[in-house]
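The values are calculated or read from the model by the stated rules, or taken from the named source; none is laboratory data. Note that the structure is predicted; figures quoted are calculated from it, not measured. When we count neighbours, we look across all protein chains shown, and the Cβ atoms used for this are built from the backbone with ideal geometry, even at glycine.
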Amino acid sequence: MIPVKEGDIVKVEISNSGMLNHPMHLHGHRFQVQSKNGEPYDAPIVKDLIHVKPGETYTVYFKAENKGEWLFHCHDNNHADRGMVTIVDYEGVYSPFELGGKNNNQP
């Protein structure tokens, strides 16, 4: 989980130490790509999906301004299904759903 409060500026580092490509997608927000492999961009790129190749690391920022519970996951569904997924979880947001349980809910 990435716990946030409305109005937070959130920094996320995405690092691919594997051998597969990972198109990382954030629902409900756009993020600024600040740097690639430690090298800052002159003009940050605004996206909601970034393709992270093996050996690459990106630093991204987003503003928590869309209350809810939002997925941040690999857009390759095989990877997401195997756990490459997290949730941006706003403080004070209630969800009646729980992971697992009798219906085996999964993100």
It is to be established whether one or more residues within segment 5-24 are assigned to a loop (DSSP other than H, G, I, E, B), of a type outside the set (Asp, Glu), surrounded by 11 or more Cβ atoms within 10 Å (Cβ to Cβ) and touching a helix residue (DSSP H, G or I) at 6+ places or on another chain (Cβ under 9 Å).
yes
Just need a number here: residues in segment 92-107 that are surrounded by fewer than 14 Cβ atoms within 10 Å (Cβ to Cβ) and in contact with a strand residue (DSSP E or B) (Cβ under 7 Å, 6 or more places away or on another chain).
5
Just give me the residues in segment 55-90 being in contact with a strand residue (DSSP E or B) (Cβ under 7 Å, 6 or more places away or on another chain), surrounded by fewer than 18 Cβ atoms within 10 Å (Cβ to Cβ), within 13 Å of VAL10 (Cα to Cα) and not hydroxyl-bearing (Ser, Thr, Tyr), in sequence order.
LYS63, ASP89
Is there a residue in segment 76-89 that is at pLDDT below 90 and assigned to a strand (DSSP E or B)?
no
Conditions: (1) touching a Pro at 6+ places or on another chain (Cβ under 9 Å); (2) part of a strand (DSSP E or B). TRP70 meets all but one. Number of the miss?
(1)
Just checking, which of GLY55, GLY28 is touching a Ser or Thr at 6+ places or on another chain (Cβ under 9 Å) and at positive phi?
GLY55
Residue selected from segment 82-103 under the condition over 15 Å from the mean Cα position of the chain (by Cα) and among the charged types (D, E, K, R), by the criterion farthest from ARG30 (Cα to Cα)
LYS102
How many residues of segment 31-47 are at pLDDT 95 or above and surrounded by 14 or more Cβ atoms within 10 Å (Cβ to Cβ)? The answer is 7
Could you please tell me which pairs satisfy a Cβ distance under 9 Å, a separation of 6+ or placement on different chains, a first residue in segment 26-38 that is more than 28 Å from GLY68 (Cβ to Cβ), and a second residue that is of a type outside the set (Val, Ile, Thr) and part of a strand (DSSP E or B)?
LYS36/TYR58; ASN37/TYR58
